[in-house]
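Structure first, then comments.
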Amino acid sequence: MNKNFKKILVFILIVIVIFISYILVTSNSKTEKPSLKKHVKTEEKKKLKLREGEELIETTSKGYSVTKLKDIYYVDGVLIVNKTYPLPENYQPINPYKEITSDYLYGGDYIEEKVMNQFLKMQSDASKKSLSLKISSGYRSYKVQVDLYNNYVAKDGKDAADTYSARPGFSEHQSGLSFDLNGTNENFIDTKEGKWLNDNCYKYGFILRFPSGSEDKTGYMYEAWHFRYVGTKLAKKLYNNGSWISLEEYFGINSKYND
Ligand SMILES: [Zn+2]
């Protein structure tokens, strides 16, 4: 064999060995280090999810954690009010937007400031399409809900009232995170405003809280006018490309009174 050829062969072999060792070292560091980091991260996340004083109540059928802090229930960090998870009697919006404007149909039902700001954006975009949106009912105190519910029970009976009105403490209106728009009209979905809201509210972080066909999950009849703020990320998931799914279905939680 030619001497030069031997040298070249040895050189090529050395280069191959170096190259293979390099690949092995880098692939090891790539797989090991980040996975360790990821593990630590999820552990941290789990710990961070529980705030001071917050306790884990249960894990839902969909794997989300239900927690309780100051007698308020959260599912995956989202405040929940329904027939299973009530609010404490003294609960009020934390940072209310109290300015009484023409954005309210009747005035006085202030809601959380961040919710109001999102509503104002949505209202402004809607008005560009000649649509008029007004809050007909925002925050309702426990006491107001007592009177409202009792009136409905006196009028229609308890069973019927429970399908469209919440018992005191169980109304989402007490959270200051939800509102009714333009009244509570059964034909609202047939109006231009109702149709636009159905397809666009999620872009502002709002969900149609009681979708059609979800009565057995939400515990309430279809309400085309009642919206709840959950943030744009979750709202988009629940919008579900136009086939709204309820918070109850998404999280795998119930909405049923104990009695
Ligand atoms: Zn409502």
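Please treat every number below as a calculation from the coordinates, not as lab data. Fair warning: this is a prediction, and the values are worked out from it, not measured in the lab. When we count neighbours, we look across all protein chains shown, and the Cβ atoms used for this are built from the backbone with ideal geometry, even at glycine.
Please list, in order, the residues from segment 215-238 whose amide nitrogen is less than 11 Å from a point placed 7 Å along the Cα→Cβ vector of Ser61.
217
Per residue of segment 243-250, what does 6.51 cos²θ - 1.76 cosθ + 1.60 with θ = phi - 60° give for ³J(HN,Hα)? Whole Hz please, x for Gly and Pro, Karplus curve as stated.
Going residue by residue, I get 9, 3, 10, 7, 4, 4, 5, 4 Hz, with x marking Gly and Pro.
Which loop GluC sites (Glu not before Pro) in segment 128-221, with loop taken from DSSP, have no more than 12 other Cβ atoms within 10 angstrom of their Cβ?
In loop regions of segment 128-221 (DSSP not H, G, I, E or B), the sparsely surrounded GluC sites (Glu not before Pro) are Glu186.
Do me a favour and compute the ellipsoid semi-axes for segment 86-251 from its Cα gyration tensor, root of five times each eigenvalue, largest one first, whole Å.
23, 19, 16
Give me the Å³ per residue figure for the convex hull around the C-alpha atoms of segment 135-204.
98
If you rank Glu89, Glu249 by fewest surrounding Cβ atoms within 10 Å, what's the result?
Ascending Cβ contact count within 10 Å gives the list Glu89, Glu249.
Among Ser171, Ser61, what is the fewest-to-most ranking by other Cβ atoms within 10 Å?
Ser61, Ser171
For segment 182-259, report the % of Cα-Cα distances exceeding 17 Å.
42
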